[in-house]
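Since the structure comes first, as structure tokens, the remarks are kept for the end.
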Amino acid sequence: MSKPVTIIMIEDDEGHARLIERNIRRSGVNNEIIPFTNGTDAINYLFGKDASGQAHKGEALLILLDLNLPDMTGIDILRKVKENDFLKCAPVVVLTTTDDAQEIKRCYELGCNVYITKPVNYESFANAIRQLGLFFSVIQVPQAAS
């Protein structure tokens, strides 16, 4: 039996983080969500004490990633995750205010699985996250490499 998927949310805006979690829950997703407000803490968690990424071997992770973080860019995190043998299969959903075509292309080239631009309007944002939650409820997420 596969392990439940853990959602790693890397989002520095507390209001956005609450909105994301609340609307994922409203769509019926009850998986554990581990929030991070900066890239350093998220990297330390994802890669573990030995910085190898092996700490999550056998776990199923899904990463929600904002690109605009206070201490590093989400691009840096995306690159590190996708270059790591243990984490590279973890789906990464970029969820950001940036809608620049070059940035979107770059994220896909680095291996992001889904790129979503956060709607400015509250109701549109909430609806987009509910739809994302429905998506989470049907996708299959591989376990980290053994």
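The values are calculated or read from the model by the stated rules, or taken from the named source; none is laboratory data. Nothing here was measured: the structure is a model prediction, and the numbers come from that model. Note that we place each Cβ from the backbone using ideal geometry, even for glycine, and neighbour counts take in every protein chain shown. What goes into the accessible areas is simple: the full protein's heavy atoms, side chains included, and nothing from ligands, DNA or RNA. Shrake-Rupley method; radii C 1.70, N 1.55, O 1.52, S 1.80 Å.
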Worksheet entry | Unmatched cysteines, the chain - criterion: no other Cβ of a Cys under 4.7 angstrom | Cys89
Item to complete: Just name one of Val81, Gln54, Cys107: the one whose Cα is farthest towards the positive end of the charge dipole of the chain (beta-carbon charges, Lys/Arg +1, Asp/Glu -1).
Response: Gln54
Worksheet entry | In region 8-89, GluC sites (Glu not before Pro) in a DSSP loop with at most 11 other beta-carbon atoms within 10 Å | Glu32
Item to complete: List the residues whose amide H sits under 5 Å from the amide H of Ile116, counting only those 5 or more places along or on another chain, with H placed 1.01 Å from N in the peptide plane.
Response: Val94, Leu95, Thr96
Worksheet entry | Assigned charges on the beta-carbon of Lys, Arg, Asp, Glu; the chain dipole about Cα centre (debye) | 520
Discussion item. So if I take the centroid of the Cα atoms in region 111-138 and the same for region 60-110, what is the distance between those two points in Å?
Written reply: 15
Discussion item. Around Leu19, under 15 Å between beta carbons, what's the net of Lys plus Arg minus Asp minus Glu among the other residues?
Written reply: -1
Worksheet item: HN-Hα J couplings of region 99-108 from phi, Karplus 6.51/-1.76/1.60, θ = phi - 60°, integer Hz, Gly and Pro as x?
Response: 10, 5, 4, 5, 5, 4, 4, 4, 4, 5
Worksheet item: Where does the chain land on Rg(C-alpha)/(2.2 N^0.38 Å)?
Response: 0.98
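Leaving out ligands and nucleic acids, note down the accessible area per residue over the chain with a 1.4 angstrom probe, in whole Å².
52
Out of all DSSP beta bridges with both ends in the chain, state the antiparallel percent to the nearest 5.
5
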